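Q: I'd like to ask you about the structure that follows.
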Amino acid sequence: KDGVICRADGAGQSAGTQYMTMRYFGHGTQFSVERAADGDYIWLGSNGVETNGEYGDNLSFSRVKFAAGTLFEHSAGQTFFLTGTGEYDLQVSVDFESKRLLLGTRKGGNRNFRVFDLDQVMALPEKNIDVTMKVEGQTLDKTVPESRDLSECEPLAGFSIPAGVNKDTDVYSYSHQGHEVVGDYIY
């Protein structure tokens, strides 16, 4: 249920003391680091759903300012959803230089990808978004304030990859463990 984000950035710093804890955010498969004028930010999946005692299948992603010694639960900072699609396991990659945001999701055995213009994503209006998830064996209904809804933003591009069956020959037959956007390329 806990993910720990560590930072040891330079001489005399220790990851043992420079960390923050993200509780119930999700599996932690994918994250991006942003170096901004006002500090460092972590972009990562949030609002994780409990399945078999573990947290994954997150329903959103968040942009959280790094603050050593803090504990956040479910989501923090700026939170982003993709409402009305039934997709889950939102995983984000950001190319800050090219102003591209790549969102990977799952639904019906497919891995879906959308590329967005980062400036358009950040310009989306903030609103309260209601979410229901299973946490600690209980159903949790909550409202996430000041969230942005990516379903209101037109993607620049998108594609889907169906789940493969044969691990020797099929694309996406193993568990998805991350992706990256760099300029006009997706890895």
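Conditions (1) more than 25 Å from K1 (Cα to Cα); (2) modelled with pLDDT of 95 or more; (3) among the β-branched types (V, I, T), marked per residue:
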| residue | (1), (2), (3) |
| --- | --- |
| S98 | yes, yes, no |
| Q120 | yes, yes, no |
| I129 | no, yes, yes |
| R148 | no, yes, no |
| D168 | yes, no, no |
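Q: Given the residues G164, G158, G178, G104, which is the only one that is small (G, A, S), surrounded by fewer than 16 Cβ atoms within 10 Å (Cβ to Cβ) and assigned to a strand (DSSP E or B)?
A: When all the criteria are applied, what remains is G158.
Q: Let me confirm something: among D130, D95, which residue is charged (D, E, K, R) and either more than 13 Å from S32 (Cβ to Cβ) or without any contact (Cβ under 8 Å) to a residue 24 or more places away in the chain (or both)?
A: After applying the criteria, what remains is D130.
Residues are listed down the side, and each one gets a yes or a no for (1) outside any loop (DSSP other than H, G, I, E, B); (2) within 16 Å of the chain's Cα centre (by Cα):
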position: G3; (1), (2): yes, yes
position: A11; (1), (2): no, no
position: A15; (1), (2): no, no
position: T21; (1), (2): yes, yes
position: T29; (1), (2): no, yes
position: L44; (1), (2): yes, yes
position: N58; (1), (2): no, yes
position: F61; (1), (2): yes, yes
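Q: Are any of the residues in segment 138-154 in contact with a Lys or Arg (Cβ under 6 Å, 6 or more places away or on another chain), farther than 18 Å from D89 by Cα and open to solvent by less than 50 Å² (accessible area, probe 1.4 Å)?
A: From segment 138-154, those in contact with a Lys or Arg (Cβ under 6 Å, 6 or more places away or on another chain) are none; that's our starting set.
No.
Q: Among the residues of segment 1-49, which ones are basic (K, R) and open to solvent by less than 60 Å² (accessible area, probe 1.4 Å)?
A: Hit for segment 1-49 is R23, nothing else.
Q: Just checking, which of E87, E73 is among the acidic types (D, E) and open to solvent by 40 Å² or more (accessible area, probe 1.4 Å)?
A: Working: E87 fails: open to solvent by 40 Å² or more (accessible area, probe 1.4 Å).
Step by step, each of E87, E73 is checked, and only E73 is among the acidic types (D, E) and open to solvent by 40 Å² or more (accessible area, probe 1.4 Å).
The values are calculated or read from the model by the stated rules, or taken from the named source; none is laboratory data. Note that this is a predicted model, so its numbers are computed, not measured. Positions of Cβ are backbone-derived with ideal geometry, glycine not excepted, and every protein chain shown enters the neighbour counts. These area figures cover heavy atoms from the full protein model, side chains too; ligands, DNA and RNA do not enter into them. Shrake-Rupley method; radii C 1.70, N 1.55, O 1.52, S 1.80 Å.
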